[in-house]
1. Test residue 295 against the stated conditions and say whether it is closer than 26 Å to residue 350 by Cα, in the same structural domain as residue 198 (by TED's automatic domain parsing), within 16 Å of ligand 1 (Cβ to nearest atom) and under 22 Å from the mean Cα position of the chain (by Cα).
2. Would you mind listing the strands (runs of 3 or more DSSP E) fully within region 35-153 where at least 1 residues are surrounded by fewer than 11 Cβ atoms within 10 Å (Cβ to Cβ) and out of contact with any helix residue (DSSP H, G or I) (no Cβ under 9 Å at 6 or more places or on another chain)?
3. Could we say that residue 207 is surrounded by fewer than 16 Cβ atoms within 10 Å (Cβ to Cβ) and not assigned by TED's automatic domain parsing to the domain that holds residue 87 here?
4. Which residues, taken from region 274-312, are in contact with a strand residue (DSSP E or B) (Cβ under 8 Å, 6 or more places away or on another chain) and away from ligand 2 (no atom under 16 Å from the Cβ)?
5. Out of the residues in region 305-323 meeting the condition of being away from ligand 1 (no atom under 11 Å from the Cβ) and in a loop (DSSP other than H, G, I, E, B), tell me which one is surrounded by the fewest Cβ atoms within 10 Å (Cβ to Cβ).
6. Looking for something in contact with a helix residue (DSSP H, G or I) (Cβ under 7 Å, 6 or more places away or on another chain), away from ligand 2 (no atom under 16 Å from the Cβ) and without any contact (Cβ under 8 Å) to a residue 40 or more places away in the chain - is there at least one such residue anywhere in region 223-231?
7. Here is a check on your reading of the model: is residue 262 more than 30 Å from residue 308 (Cα to Cα) and surrounded by fewer than 22 Cβ atoms within 10 Å (Cβ to Cβ)?
Ligand code: NAI
Ligand code: MG
């Protein structure tokens, strides 16, 4: 029985890099058989058909698919009547409430001295991204005033908190399994990212909700809690950025409300060389959708220049979350090998290879 994956390339480089991910999935030794289902979405689709996310796509994902991959969408920076971002809506429709974004360097490359190995767990359903914006043309007499509602709920904050501790636990178990030294395995930690010194009500609720997940676990009666061996600390979002750039190695799992999570992810991507290598998975309780962290990169779209690694790693992450750990590890290793060798890297990583050449090098590393 083949695994049915909904493939939503959407716009720009999404159309170039998603097929690379599909080819890698199909060629990975030990991976299940796949059946890919092409699904429409995106700004270009909106311009032709008046919707950025047709019902058929949502229905297929809900009823036929075992998982999905999303490319990238070209959302305009100004308001377009009737348009709303399909990825933001999809996350909501499928209740993919966690966006899990590993940011990991490769040993033996130039960022070895600033070793980065962290995961950003971004809340995916609320915060400012509920898009309740209003424009009062008159304001109080001084011209237009725009406001936006920022929604933070205990429910969403607790479940993202729980997800973050689960990710930390899984990483801890992987480190132990890999026989990594005790001081390294002791790094298991969740850092709560917020700004509750200013936004004491909204960020305050996020902070206390996440903290409670851990504190309740510690208080659990009858033996050690589920998150035994993991610690928790917190960091205001602005100094989070500062520390992320200066000492990224101190972080393990960072949990953040939607907007902060979005911003610090792109920042963290700079630490490992390029947005073109950073992957993510949108996770719900029973459905997962892989997605590169980058956007549609109109500056390089259509030139066979885009780095396919973010999408290929996202496919591996999807496999990992769907329970196929061994083939996922093979993909990570093949990608790491190609980065370390440095011969087939795209221009964002200062190489000369095309998207296709980079993909082919990864395919070769996989099957050798
Ligand atoms: P972007 O992520 O598309 O590009 C930022 C920079 O990184 C550009 O210089 C681009 O060339 C480079 N870059 C990104 N991915 C790359 C790759 N795989 N290989 C090589 N270089 C890569 O962000 P930008 O330019 O701010 O946004 C462009 C469009 O993408 C906008 O319409 C935005 O709304 C959309 N976007 C969509 C996202 C999504 O689909 N989830 C996420 C972020 C932005
Ligand atoms: Mg983003």
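The values are calculated or read from the model by the stated rules, or taken from the named source; none is laboratory data. These figures come from a predicted structure and were not determined experimentally. With ideal geometry, Cβ positions are generated from the backbone for all residues, glycine too; neighbour counts draw on all protein chains shown.
1. Values: closer than 26 Å to residue 350 by Cα: yes; in the same structural domain as residue 198 (by TED's automatic domain parsing): no; within 16 Å of ligand 1 (Cβ to nearest atom): yes; under 22 Å from the mean Cα position of the chain (by Cα): yes.
Answer is no for this residue.
2. Counting at least 1 such residues, we get 127-136, 145-151.
3. On the way: surrounded by fewer than 16 Cβ atoms within 10 Å (Cβ to Cβ): no; not assigned by TED's automatic domain parsing to the domain that holds residue 87: yes.
Against the criterion (surrounded by fewer than 16 Cβ atoms within 10 Å (Cβ to Cβ) and not assigned by TED's automatic domain parsing to the domain that holds residue 87), residue 207 does not qualify.
4. Here is the first cut: in region 274-312, the ones in contact with a strand residue (DSSP E or B) (Cβ under 8 Å, 6 or more places away or on another chain) are 278-284, 287-297, 311.
Matches in region 274-312: 283, 284, 287, 288.
5. My answer is 323.
6. Pass one, region 223-231, residues in contact with a helix residue (DSSP H, G or I) (Cβ under 7 Å, 6 or more places away or on another chain): 225-227, 229-230.
Still in the running and away from ligand 2 (no atom under 16 Å from the Cβ): 225-227, 229-230.
From what is left, the residues that are without any contact (Cβ under 8 Å) to a residue 40 or more places away in the chain are 225.
Yes, some residue in region 223-231 is in contact with a helix residue (DSSP H, G or I) (Cβ under 7 Å, 6 or more places away or on another chain), away from ligand 2 (no atom under 16 Å from the Cβ) and without any contact (Cβ under 8 Å) to a residue 40 or more places away in the chain.
7. No: the conditions fail for residue 262.
To keep it simple, each residue is scored yes or no on (1) more than 13 Å from the chain's Cα centre (by Cα); (2) within 20 Å of residue 151 (Cα to Cα); (3) modelled with pLDDT of 90 or more.
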position	(1), (2), (3)
89	yes, yes, yes
93	yes, yes, yes
97	no, yes, yes
115	yes, no, no
118	no, no, yes
124	no, yes, yes
128	yes, yes, yes
